[in-house]
Amino acid sequence: MKNQNKKRRCIFLLVSLVTLVSPSLARQTDYAPYFYDNGPSSTNGNMAMFSISEDTEVGTQLYILNGTDPEGDAVWFGLTFQKGTREYMRVDPKSGNITLIQELDREKQGEILAFVSITDGRNKVVETIRMFVTDANDERPEFQNLPFTVDVAEDTEAGSSIYRVQAVDKDIGSGGSVNYYLLGTTTTRFTIDGHSGVLRIKAGQTLDYETTATHFVIVVAKDGGGQYKGKHQVLTSTATITINVLDAQDTPPAFIGAPYFGYVYEVSLPGSEISTVFAKDGDEGNPNPIHYSITNGSEGVFTINSTSGCISLSTYPVTLRNELYEIHVKATELGPSDELLDYYTMTVVTVRVVDLNNHPPTFYGENGPQSQFEVTMYEHPPEGEILRGLKITVNDSDQGANAKFILRLVGPGRVLRVVPQTVLNEAQVTIIVEDSAAIDHEKGKSLTYKLLAVEIDTPERFSATADIVINLLDTNDNTPRFTSEYYIARIPENSPGGSNVVTVTANDPDSGLWGEVKYSIYGSRSDLFLIHPSSGIIYTQAWATLDAEVKSKYNFYVKAEDTEGKYSLAEVFVTVLDINDHVPEFHDSLVERTMVIGAPVRVEAIDADAGSPNNIIEYSIMQAEPNNIFDINAETGEINLKSYIKSMEIVQNITKQKDCRWSLVVQARDRGSPSFSTTAVVNIDITEATQVNGPMATFLLQSRDNPMKALGMVAGVISILVGVTVLISTATFLRNTKSNRIMPARRIVIRRRPPRDRKPWTFNVPFRGNGNDSSNKFIVGDPEAGSVNVNNKGGPRWSRSKPKPTPPRAPCLPPPSCPPPSSNTRPSERPRPCEAVPTVSGGLTSKVSRGSSQSREISISSDTSRIPVSSALVSELKMRLEQKIIESNSSYY
């Protein structure tokens, strides 16, 4: 019982312990992450059975590794390769993006083994994957067993297979299939099977070793095409097949060096060699030996060696009955067993019986022996051309070695050559052109050569000569050429129309009409010029006027042309020479200038001539009074005071004129020949430098040499003031119109009191008129000059009469006050004489009768400027008038 209780307690404790521990164990369990398996067609997952095209660009994102962790923790991905293998891809650990980092090549590695991993930081799962590289059409077909060389017998039948080419394309599918074709099938004698590559002789064609021993055929291997980087691509390769044609026995032999000649001399012995013939098999690739035999014409006195072809004399010359023998020799091919074949050829050997060397070489023409031959031909014949007009034969009547001689052409070297150069007995002489350029009619109308024939192996060395005279006919082979590539001419601008400018010369060495040269002129700047078509004299148009100031340079082209249109060009440069035909001109004949002491003033004249020295101007002072106060710069026209004149005091000591104004006569003279000049009067106001204040003063000082500029400025200011005045007057008029009255014009007159130490001065003015006429109270009379009377029209009138009684004395006016001069005042800053303060006067029209208003009007004649009335009197009259106006205004109101 006690044991059962213990067991129960143990079971209870165990169950309780398991119950308490189970949740904590569950919380401590950590599961490994894993990949998603989305199948081979998916672009994300565990990359199982993944395939990639070999033309995929480097940098392309290929795949996304995708997986998860059961606990939801973050995962990282990895990609590794076997050691020693290339790493084609790289993975981003966080995103799982797999990027291609090296180019793929299925032909080198079609399957890639790699390891992908996923980890949550504690557990890591690694899986092995196999990636398959799919094919792209990136490989060209490659020919096998290069180079291709084929030996084919020339008698191979048409359509026969002669070779098989093979090309392999490492691609698979359509890109790995290969087809063949030949380039230039229209000219070749061969054809190829497009699938098998078997090369055959084209139907209807045969091979001929003698015509073409070697054929070169270009074969092209083309794959079936396929995709490469998104485009359909077909790749080809080419190779050259060299076909050597093997010669077959199908051509008869041929003699070399025919025709053959032989000679029998008086001293010849039996067995002497007369001549040797030589023949060779026409099948040069595989020639057969040749057998020689005499078939006819030997008459038993000549024999031939069947192997060497040497013809020999078999008897003494004295037994020969003929002087000439024609021996027929046959050359036959021998078979492998030295049997005679059916291929043979024939030739004739001419044998002449000659005596001793007792005849020199002789030149013959159409009519017998001749020592001079003449031919007429055009210059510059083609090189290699035969002078067919020469019919020359050379002969030596001796026999054998006595009739062997050489031909030489003596004359200008390497122009002509003679053929043949070695002659045995007789030959037709041919002269061939070697240097066409040397046969030139312009260098010489004829060529003379010596044709020399000299025996070679005889002791006598007999020889003969003949003159070869070649008369040349001219052709138009030369282009007119100017004596210079360009011509430079100069012509004065005052030349009349039709003046000669320059003469151009072109030479054409050809004769006759071909040597005549015609000149013409053209160019955009040739309008003013003409050229004589035959003499080449260039002259100006009759209406042309040259002016260097308008245009001084002309250039154009001249053309020299012969009758067949051959021409050359030269450029002509014409310079129009400037003539001193313009007079210097000042801007104005009267020049006003203001001169500040220490600063120059400038005058300027312009000469319209084009060049120096005609437009170079020299300035000089022609007249000045006094003449020792000014200097002028001859080049610039700047006028300066003499260096010793540095103040106005010196100027005033020189002249009695108080206004300090001089008139100079300045001359402007050019340096041309003849020289022209002009003069201008320059009025100069001399003033002393003063301190300028304000922009207006600165502007006026800067414009002292340009009065028009200052005048324009003043006119502008006056226009603005007039406009403002008009606006104010209009506004005032409108206001007064509304109030129907005229407001008084109030003016303030300021009078200066005289200083105490100066006595007041008076001025007596005689007045005429009565108090009834207010207009007459201001009539002024001069006691010395006469009196002023009023005519019937109310105007003043002067008349000589007895002096009137002295009128009442006018009130005294205070003299203008001037501040006493300072002790430290400089001479240039001494005060000027004081002037009276000006006042403004005016008249008002009140609402009174027209007659009374007219009585208030003041009329002052312009002739009063000639009356010696001082400014003080004028001021007094103005003040009286203003006082009267103020009183009338006061009474009005």
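The values are calculated or read from the model by the stated rules, or taken from the named source; none is laboratory data. Computed from a predicted structure; not experimentally measured. Ideal geometry is used to build each Cβ from the backbone, glycine not excepted, and the neighbour counts take in all protein chains shown. What goes into the accessible areas is simple: the full protein's heavy atoms, side chains included, and nothing from ligands, DNA or RNA. Shrake-Rupley method; radii C 1.70, N 1.55, O 1.52, S 1.80 Å.
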* To do: Could you identify the single residue in 192, 201, 129 that is surrounded by 14 or more Cβ atoms within 10 Å (Cβ to Cβ), under 30 Å from residue 72 (Cβ atoms), among the hydrophobic types (A, V, I, L, M, F, W, C) and in contact with a strand residue (DSSP E or B) (Cβ under 7 Å, 6 or more places away or on another chain)?
  => 129
* Asked: Could you count how many residues in region 354-389 are open to solvent by less than 20 Å² (accessible area, probe 1.4 Å), within 30 Å of residue 475 (Cβ to Cβ) and not in a strand (DSSP E or B)?
  -> 3
* Structure fact -> Result of the Cβ filter at 7 Å on region 189-214, keeping first residues that are touching a residue at least 24 places away in the same chain (Cβ under 8 Å) and partners that are among the aromatic types (Phe, Trp, Tyr) and open to solvent by less than 70 Å² (accessible area, probe 1.4 Å), at least 6 apart or interchain, is 192/180; 197/180; 199/163; 199/190; 200/190; 201/190; 202/190
* Complete set of residues in region 314-347 that are open to solvent by 60 Å² or more (accessible area, probe 1.4 Å) and either of a type in the set (A, V, I, L, M, F, W, C) or within 18 Å of residue 286 (Cβ to Cβ) (or both) -> 318, 324, 336, 337, 338, 339, 340, 342, 343, 344, 346
* To do: Would you be able to tell me the number of residues in region 221-257 that are among the polar types (S, T, N, Q) and either over 30 Å from residue 208 (Cα atoms) or under 51 Å from the mean Cα position of the chain (by Cα) (or both)?
  => 6
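How many of the residues making up region 235-285 are over 30 Å from residue 136 (Cβ atoms), of a type outside the set (D, E, K, R) and part of a strand (DSSP E or B)?
Of the residues in that region, 17 qualify.
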* Among the residues of region 471-519, which ones are under 24 Å from residue 545 (Cβ atoms) and part of a loop (DSSP other than H, G, I, E, B)? -> 493, 494, 495, 496, 497, 498, 499, 504
* To do: Could you look through region 570-619, keep only residues that are assigned to a strand (DSSP E or B) and either free of Cβ contacts under 8 Å to residues at least 24 places away in the same chain or touching a Pro at 6+ places or on another chain (Cβ under 7 Å) (or both), and pick out the one that is most open to solvent (accessible area, probe 1.4 Å)?
  => 606
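When you check residue 562 against the structure, is it surrounded by 15 or more Cβ atoms within 10 Å (Cβ to Cβ), in contact with a strand residue (DSSP E or B) (Cβ under 9 Å, 6 or more places away or on another chain) and charged (D, E, K, R), yes or no?
Numbers: surrounded by 15 or more Cβ atoms within 10 Å (Cβ to Cβ): yes; in contact with a strand residue (DSSP E or B) (Cβ under 9 Å, 6 or more places away or on another chain): yes; charged (D, E, K, R): yes.
Against the criterion (surrounded by 15 or more Cβ atoms within 10 Å (Cβ to Cβ), in contact with a strand residue (DSSP E or B) (Cβ under 9 Å, 6 or more places away or on another chain) and charged (D, E, K, R)), residue 562 qualifies.
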* **Any hit, region 303-313, residues being surrounded by 13 or more Cβ atoms within 10 Å (Cβ to Cβ), without any contact (Cβ under 8 Å) to a residue 24 or more places away in the chain and β-branched (Val, Ile, Thr)** => yes
* Quick one: is residue 620 polar (S, T, N, Q) and at pLDDT below 75? -> no
* Structure fact -> Restricting region 655-710 to residues that are at pLDDT 80 or above, open to solvent by 70 Å² or more (accessible area, probe 1.4 Å) and outside any strand (DSSP E or B), the one nearest to residue 606 (Cα to Cα) turns out to be 671
* Asked: What residue, among those in region 204-216 that are out of contact with any Ser or Thr (no Cβ under 6 Å at 6 or more places or on another chain) and closer than 15 Å to residue 162 by Cα, is least open to solvent (accessible area, probe 1.4 Å)?
  -> 207
* Assuming residue 135 fulfils every condition listed in (1) within 24 Å of residue 107 (Cβ to Cβ); (2) surrounded by fewer than 14 Cβ atoms within 10 Å (Cβ to Cβ) apart from one, which condition is it? -> (2)
* Scan of region 506-527 for residues that are in contact with a Lys or Arg (Cβ under 8 Å, 6 or more places away or on another chain) and either surrounded by 16 or more Cβ atoms within 10 Å (Cβ to Cβ) or modelled with pLDDT of 90 or more (or both), ordered by number -> 506, 507, 508, 519, 520, 521
* **Complete set of residues in region 160-180 that are open to solvent by 40 Å² or more (accessible area, probe 1.4 Å), assigned to a loop (DSSP other than H, G, I, E, B) and not polar (S, T, N, Q)** => 170, 172
* Which residue pairs have Cβ atoms under 7 Å apart, sit 6 or more places apart or on different chains, and have a first residue in region 328-353 that is in contact (Cβ under 8 Å) with a residue 40 or more places away in the chain and a second that is among the basic types (Lys, Arg) and buried (at least 16 other Cβ atoms within 10 Å of the Cβ)? -> 344/330; 346/330
* Asked: Which pairs have Cβ atoms under 8 Å, sit 6 or more apart or on different chains, and link a residue in region 264-292 that is basic (Lys, Arg) to one that is open to solvent by less than 20 Å² (accessible area, probe 1.4 Å) and in a loop (DSSP other than H, G, I, E, B)?
  -> 280/253
* Name the residues in region 138-159 that are among the polar types (S, T, N, Q) and either outside any strand (DSSP E or B) or over 17 Å from residue 191 (Cα atoms) (or both), would you? -> 144, 145, 156
* Structure fact -> residue 467 vs (1) without any contact (Cβ under 8 Å) to a residue 40 or more places away in the chain; (2) in a strand (DSSP E or B): all pass except (1)
* Among the residues of region 144-165, which ones are touching a residue at least 24 places away in the same chain (Cβ under 8 Å), farther than 13 Å from residue 245 by Cβ and within 56 Å of the chain's Cα centre (by Cα)? -> 144, 146, 147, 148, 165
* Tell me, please, whether a residue that is of a type outside the set (Gly, Ala, Ser), assigned to a loop (DSSP other than H, G, I, E, B) and over 24 Å from residue 490 (Cα atoms) can be found in region 520-530. => no
* **region 116-125, residues that are open to solvent by less than 90 Å² (accessible area, probe 1.4 Å) and either more than 13 Å from residue 82 (Cα to Cα) or in contact with a helix residue (DSSP H, G or I) (Cβ under 8 Å, 6 or more places away or on another chain) (or both)** => 117, 118, 119, 120, 121, 123, 125
